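Enquirer: Can you keep this structure in mind? I'll have questions shortly.
The values are calculated or read from the model by the stated rules, or taken from the named source; none is laboratory data. Since this is a predicted model, take the numbers as computed values, not measurements. Positions of Cβ are backbone-derived with ideal geometry, glycine not excepted, and every protein chain shown enters the neighbour counts.
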Amino acid sequence: MAPQREWFEKDYYAVLGLESGASDREIQRAYRRLAKANHPDANPGDAAAEERFKEISAAHEVLGDADKRKEYDQVREMVASGGGGFAPGGFGAGGFGPGFEDATFQFDDGGGLGDILGNLFGARQGGARRRGRAPTGPVRGADLEAELHLDFIDAVHGVTTSVGVTSDAPCSVCGGNGAEPGTFPQPCPTCDGTGAVAVDQGPFSFSQVCPTCGGRGQVIEHRCKKCRGTGVERRRRDVKVRVPAGVSDGQRIRVKGRGAAGRNGGPPGDLYVVVRVGLHPLFGRQGKTNLTIKVPVTFPEAVLGAQVKVPTLESPVTVKVPAGTQSGKTVRVRGRGIQPAKGEPGDLLVTFEVVVPADLTEDQRAAVAALAEQLAGNPREQLGV
């Protein structure tokens, strides 16, 4: 991928509140935290939060991709050291002079700098000038994040549902091309559709954004009234999400191509759906596939042993209570846990809790007292008291 102009101007690490040596895990954590806090759905009507969310998404798009991050680090290192004719501070701060704020240099392509900066730089070869692509060409849409709250049972069995997202989307009138229905964008006559024009300055050749089309390579004579020629509009839409069986609380599901719309013909971003699973009145979870349940048993059942019925996600099963069971003992019922989308089902972990009666009749109290006399030994003997 060729570096973007923003790479020279934006410190994406600072946007995420990180140092340049941050780990991939730290980048992901920072992105999720900041994206959640600044998401438009959480800050309706807050234009500043929306802009921060866009910056955070752009930073994650670069730093969250190993290859893009490597190129970005190389470019930022050159900018910081003043290499290749750049002064620290990026564009407009290196003494280029007024009028060249939107310009990119073209040097002889001897490798190194030319390889790293890709098509931001052209070269003179044999007297012919090679045009670079405009820095404002197609731009991929931002990745979005949304939360989906699911019932415990729906999360266990899997479900197909939808999640509401408010974001940039292709214009519903022009379909994204920015032109009124019945008309179409035309190649720019000034730049021949490249989006850039060349300006000679002595030994150098500058590639500037085409002043006619603004770098798009196309001109729109009759702009769409709905989107004013941008090709995108902000609206709420429902995105279909297929949740796999056994999804865990906090798990992220990627819905490819359903993020924000791209600009200037760029592809859309992706939507990441964070699943929040509700609690169940009976069952809990241990790991991804094991179910847990607490089952009360009486004192006689715990002492003498018994067979008790235990609910599962399907039909009840009979579980043996071993004689002498202590409160908190757990037994495993294999294969009666959660069936994931792939792989074997988990187990049901049954924890017995001995119920101690609080209200006794006189006869019951006498029976317990008689039993106590028959039970020898001091269970606190090892405490030395």
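Enquirer: Specify the residue that is surrounded by the most Cβ atoms within 10 Å (Cβ to Cβ); the eligible residues are those in region 21-42 that are in contact with an Asp or Glu (Cβ under 7 Å, 6 or more places away or on another chain) and not in a helix (DSSP H, G or I).
Expert: Among those residues, the one meeting the criterion is His39.
Enquirer: On to the next question. At least 3 residues that are under 30 Å from Val275 (Cα atoms) in each: list the strands (runs of 3 or more DSSP E) lying fully within region 167-262 that qualify.
Expert: 232-243, 252-255
Enquirer: Do we have Gly337 as in a loop (DSSP other than H, G, I, E, B) and surrounded by 18 or more Cβ atoms within 10 Å (Cβ to Cβ) here?
Expert: So Gly337 passes the test.
The rows are residues; the columns are (1) assigned by TED's automatic domain parsing to the domain that holds Ala155; (2) hydrophobic (A, V, I, L, M, F, W, C); (3) surrounded by fewer than 10 Cβ atoms within 10 Å (Cβ to Cβ).
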| position | (1), (2), (3) |
| --- | --- |
| Ser315 | no, no, yes |
| Lys320 | no, no, no |
| Thr325 | no, no, no |
| Gly328 | no, no, no |
| Val331 | no, yes, no |
| Pro345 | no, no, no |
| Leu348 | no, yes, no |
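Enquirer: Name the residues in region 324-373 that are over 25 Å from Ser248 (Cα atoms) and among the polar types (S, T, N, Q), would you?
Expert: To start, the set of residues in region 324-373 that are over 25 Å from Ser248 (Cα atoms) comprises 324-329, 352-373.
Correct list: Thr325, Gln326, Ser327, Thr361, Gln364.
Enquirer: Something else now. Please enumerate the residues belonging to region 263-294 that are closer than 28 Å to Pro185 by Cα and either among the hydroxyl-bearing types (Ser, Thr, Tyr) or in a loop (DSSP other than H, G, I, E, B) (or both).
Expert: Selection gives Asn264, Gly265, Gly266, Pro267, Pro268, Gly269, Asp270.
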